[in-house]
């Protein structure tokens with residue numbers, strides 16, 4: 001398929017490929033961002049056999065977490081916060097003649113964050129995330145691939161720094177019908193041990209997640225969609241005293257609705273609102289998401 005044939009059709013997918021929003025969970029759940037929750041329709045409707053090109057994406061989300069979920073899933077009107085997160089992402093896409101019918105991408109993501117909580121407000125840059133993705137198309141209507149990324153342990157301030165390296169890997173898929181599309185991912189996050197001078201050593205729990213999107217191709221301009229996001233986080237282990245940290249494991253299911261605007265073949269906007277429907281040991285998701293994509 002030549003570039004001009006799919007340039008406009010898959011602009012949303014090319015911009016959305018492989019995002020991650022939010023820091024990894026720490027000692028207790030402090031942010032309700034589910035990994036890869038920012039993805040939109042056609043996220044993985046990706047091309048093969050194309051000439052190299054580039055994408056710049058700006059993501060953003062705001063979450064007004066007025067309540068938190070306790071260890072048995074009850075909602076409590078305490079411990080919430082307002083957070084604003086963003087990601088600036090550069091992606092280089094290319095294919096190789098020696099590996100036909102397979103697409104590749106490499107990207108660099110810089111996270112940004114601002115939080116209002118407990119009478120305090122702070123913000124800055126979070127960790128940097130880098131890594132590749134590869135995919136193939138079993139047929140002209142479907143895509144299947146894998147992506148893997150490394151996240152650095154530090155941001156511009158301690159509150160935005162996980163304190164450990166982590167790997168984010170997931171399988172991704174997409175299937176296109178004439179008037180509908182369905183795509184998503186299934187992945188895991190594993191982390192190294194957290195060490196900090198003068199403090200205990202911790203092993204963060206593994207995170208498993210899935211993000212599914214089902215959209216209706218209403219018009220060439222507007223595409224409404226439904227979102228399902230899930231995460232399950234294992235407990236954190238205090239290696240210094242050989243015991244598990246209380247209430248450090250968690251889970252969450254969030255549902256949302258949104259719309260994609262395909263303004264031109266080079267530019268698109270996507271917006272969505274999502275809310276928790278089931279959770280444990282996390283602030284609620286009461287969030288809006290936005291994405292701006294420019295392709296050249």
Residues (surrounded by fewer than 22 Cβ atoms within 10 Å (Cβ to Cβ) and either within 16 Å of residue 212 (Cβ to Cβ) or free of Cβ contacts under 8 Å to residues at least 12 places away in the same chain (or both)) located in the stretch 253-274
253, 255, 256, 257
Condition met for residue 248 (modelled with pLDDT under 95, within 21 Å of residue 153 (Cβ to Cβ), out of contact with any strand residue (DSSP E or B) (no Cβ under 7 Å at 6 or more places or on another chain) and in a loop (DSSP other than H, G, I, E, B))
yes
Would you please list the contacts, defined by Cβ atoms under 6 Å and residues six or more apart or on different chains, that run from a residue in the stretch 30-46 that is within 19 Å of residue 251 (Cα to Cα) to a residue that is in a loop (DSSP other than H, G, I, E, B) and modelled with pLDDT of 90 or more?
32/282; 32/285
Across the stretch 227-245, which residue is nearest to residue 183 (Cα to Cα) among those that are in contact with a strand residue (DSSP E or B) (Cβ under 7 Å, 6 or more places away or on another chain) and not in a strand (DSSP E or B)?
235
Does any residue of the stretch 213-226 turn out to be assigned to a loop (DSSP other than H, G, I, E, B) and touching a helix residue (DSSP H, G or I) at 6+ places or on another chain (Cβ under 9 Å)?
no
Give just the number: which of (1) over 28 Å from residue 158 (Cα atoms); (2) free of Cβ contacts under 8 Å to residues at least 40 places away in the same chain; (3) surrounded by fewer than 18 Cβ atoms within 10 Å (Cβ to Cβ) does residue 195 not satisfy?
(1)
Within the stretch 125-143, can one find any residue that is within 24 Å of residue 107 (Cβ to Cβ), free of Cβ contacts under 8 Å to residues at least 60 places away in the same chain and not in a strand (DSSP E or B)?
no
Examine the stretch 57-71 for a residue that is assigned to a loop (DSSP other than H, G, I, E, B), touching a strand residue (DSSP E or B) at 6+ places or on another chain (Cβ under 9 Å) and modelled with pLDDT of 90 or more, and state whether such a residue exists.
yes
Would you mind stating whether residue 207 is exposed (fewer than 15 other Cβ atoms within 10 Å of the Cβ) and either closer than 30 Å to residue 45 by Cα or in contact (Cβ under 8 Å) with a residue 40 or more places away in the chain (or both)?
no
Test for residue 277: is it over 16 Å from the mean Cα position of the chain (by Cα), touching a residue at least 12 places away in the same chain (Cβ under 8 Å) and surrounded by fewer than 17 Cβ atoms within 10 Å (Cβ to Cβ):
yes
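The values are calculated or read from the model by the stated rules, or taken from the named source; none is laboratory data. Note that the structure is predicted; figures quoted are calculated from it, not measured. Every residue, glycine as well, gets a Cβ built from its backbone with ideal geometry; the counts of neighbours run over all protein chains shown.
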